[in-house]
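Peer 1: The structure that follows is given in the form of structure tokens.
Bear in mind that the values in this text are calculations on the coordinates, not laboratory data. The structure displayed is predicted, hence computed values, not measured ones. With ideal geometry, Cβ positions are generated from the backbone for all residues, glycine too; neighbour counts draw on all protein chains shown.
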Amino acid sequence: MSSAPATNLVVLMGSASDQPVIESMPALCERLGLTMRVEIASAHRQPAKLHQVISDSEAAGTEIFVAVAGMAAHLPGVVAALTSLPVIGVPVAAGPLAGVDAMLSMVQMPPGVPVATVAVGSAGAKNAVVLAARILALKNPDVAEKLAAYREVLAQGGK
Ligand code: RP5
């Protein structure tokens, strides 16, 4: 039995230092009718914790993982190896390579273990929420309606 709360998304960060990148995610989730919670679990420093978070989240009914990491960003790839749920990777500009390192780590997954990689940084974090909403809208009319309203705002030049 899992004690993890049920949310649509679990946002995993490789480090507390990734926090600024995800700042816009809770409000955008609320706007699109999604729930999320955040966990910090480094694939390199805390592999046992990462395994536990993934199995607890799956047991709680999580639908999509978003994995946010910088440098040699193996977090989303490891998550994708441990679950059959969709995994969205958000690269972080955390080192001297300005996020290109993290982006290439996420994009270059071997066949059969996909990570849907979005843009580096906070723009990518926003798109991770919108992509998750688009996936969940296939089966969730409330999310579909909110997504349509959001797209209409964008079409009118709003944000
Ligand atoms: C990655 O290394 C984290 O996701 C973070 O982006 C980067 C630096 O981590 P800290 O040294 O700030 O903990 O694993």
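Peer 1: Given the C-alpha atoms of the range 1-147, compute the convex hull and give its volume per residue in Å³.
Peer 2: 98
Peer 1: Tally Lys/Arg at +1 and Asp/Glu at -1 over every other residue whose Cβ is under 14 Å from the Cβ of LEU82; what's the total?
Peer 2: Combined, the nearby Lys, Arg, Asp and Glu give -2.
Peer 1: With Cβ to Cβ distances under 14 Å as the rule, what net charge do the other residues near ARG45 carry (K, R +1; D, E -1)? Present the calculation step by step, with values, prior to reporting the outcome.
Peer 2: Values: positive: LYS49; negative: ASP18, GLU39.
Its environment carries a net charge of -1.
Peer 1: Sort out for me the Cα centre separation of the range 135-159 from the range 35-68, rounded to whole Å.
Peer 2: 26
Peer 1: Below 8 Å between Cα atoms, with a sequence gap of 6+, how large is the relative contact order for the chain in percent?
Peer 2: Once divided by the residue count of the chain, the mean separation gives 23 percent.
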